[in-house]
There are 2 protein chains.
Amino acid sequence: MTGNACPSSALDPAIAARLKRDADGLVPAIAQQYDTGEVLMLGWMDDEALHRTLTTGRCTYWSRSRQEYWVKGDTSGHVQQVKSVALDCDADTILVKVDQTGPACHTGTRTCFDADSLPLAQ
Amino acid sequence: MTGNACPSSALDPAIAARLKRDADGLVPAIAQQYDTGEVLMLGWMDDEALHRTLTTGRCTYWSRSRQEYWVKGDTSGHVQQVKSVALDCDADTILVKVDQTGPACHTGTRTCFDADSLPLAQ
């Protein structure tokens, strides 16, 4: 797969044509709780994961470690119901607003950013 | 530069030791408005950019297109004052809560995600 083509996906060609992918064909996808604004996690999507996210109502990512698709919550029950999806100005980042059931993080915290604050030296 | 070492940076070694970088030595950094929760943009940081972000109070990114550091707002005046910085559970994503002056996007919109909503088919 190159950064410019993903022929096996059913993603709308008009979206695929402007999506800018990394060398692995992936785009970072930020999941944000739609009502509270919490940034829950960052996952990765290829064209097919984005297509499934847009058409099934459930957030679907590509697992870089397992090299497979995963529907958030299929194992844990902590699903992400899709409320809206947007590309950024460069079409190289996706923002998905979701309704997160339970904790987003596999460690059990609400978001993946709750446990490791870095000290500021100002 | 490998994914595991960045010897030229002044970043705290305790942080550098657990940071997980991509093949280019970079980590995606989400900038979020600290009070409203708006996701403003996604940039990229290497160890040195993270160090500068933690120590100067101003968000600093690595530009993949220009291959240089950029302090957000140095050209536009639309600075990001750093309020807090956190790593995610895998230490491969950074969340920076900021106070954004003016629009975050170079197109003039408040966030980089305001102009390109994708249609849901459910």
Once the in-chain neighbours fewer than 8 apart are removed, the lysines whose Cα is under 26 Å from A:Lys83 read A:Lys20, A:Lys72, A:Lys97, B:Lys97
Quick calc of log₁₀ I(q)/I(0), the range A:30-73, Debye, one scatterer on every Cα, no solvent, q values 0.26, 0.33 1/Å, result -0.95, -1.18
Checking rank on A:68-74, A:115-121, with mean other Cβ inside 10 Å and highest first, the result is A:68-74, A:115-121
Note: A:25-34 gets an average of partner chain Cβ contacts (10 Å, Cβ to Cβ) equal to 2
Within the under-14-Å Cβ sphere about A:Ala10, not counting A:Ala10, Lys/Arg +1 and Asp/Glu -1 give a net charge of -3
Inter-chain shielding metric for A:108-114, i.e. average beta-carbon neighbours from other chains within 10 angstrom, reads 4
Answer in debye to the nearest 20: the dipole magnitude of the range A:19-100 about its Cα centre, from +1 Lys/Arg and -1 Asp/Glu charges placed on Cβ, is 180 debye
Quotient of Cα radius of gyration and Kirkwood radius for the protein assembly as shown, i.e. Rg/Rh, equals 0.94
Regression test value, accessible area per residue of chain A, probe 1.4 Å, units Å², expected 45 Å²
Partner shielding of B:45-56, taken as the mean number of other chain Cβ atoms within 10 Å, equals 1
With +1 on the Cβ of every Lys and Arg and -1 on the Cβ of every Asp and Glu, the dipole magnitude of the protein assembly as shown about its Cα centre, in debye rounded to the nearest 20, is 120 debye
Once amide hydrogens are built 1.01 Å from N within the peptide plane, the residues lying 5 or more places from B:Tyr69 or on another chain with amide H under 5 Å from its amide H are B:Ser63
Helix B:47-56: inclination vs chain B longest Cα principal axis, degrees, rounded to 10, gives 70 degrees
Eigenvalues of the alpha-carbon gyration tensor of the range A:19-100, times 5 and square-rooted, give semi-axes in Å, largest first, of 18, 16, 10
For the range A:19-100, the percent of accessible surface on carbon and sulfur atoms (probe 1.4 angstrom, ligands and nucleic acids excluded) is 44 percent
Residues whose modelled amide H sits under 5 Å from the amide H of A:Val98, counting only those 5 or more places away in sequence or on another chain, are A:Gln32, A:Gln33, A:Tyr34, A:Lys83
Given A:96-102, A:37-43, the highest-first ranking by average Cβ count within 10 Å works out to A:37-43, A:96-102
Per-residue ellipticity at 222 nm attributable to helices in chain B (runs of n ≥ 4 DSSP H, -39500 (n - 2.57) apiece, nearest 500 deg cm²/dmol) works out to -3000 deg cm²/dmol
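The values are calculated or read from the model by the stated rules, or taken from the named source; none is laboratory data. Keep in mind that this is a model prediction, so the values were computed, not measured. Positions of Cβ are backbone-derived with ideal geometry, glycine not excepted, and every protein chain shown enters the neighbour counts. Protein only, heavy atoms only, side chains kept; ligands, DNA and RNA dropped before computing areas. Shrake-Rupley method; radii C 1.70, N 1.55, O 1.52, S 1.80 Å.
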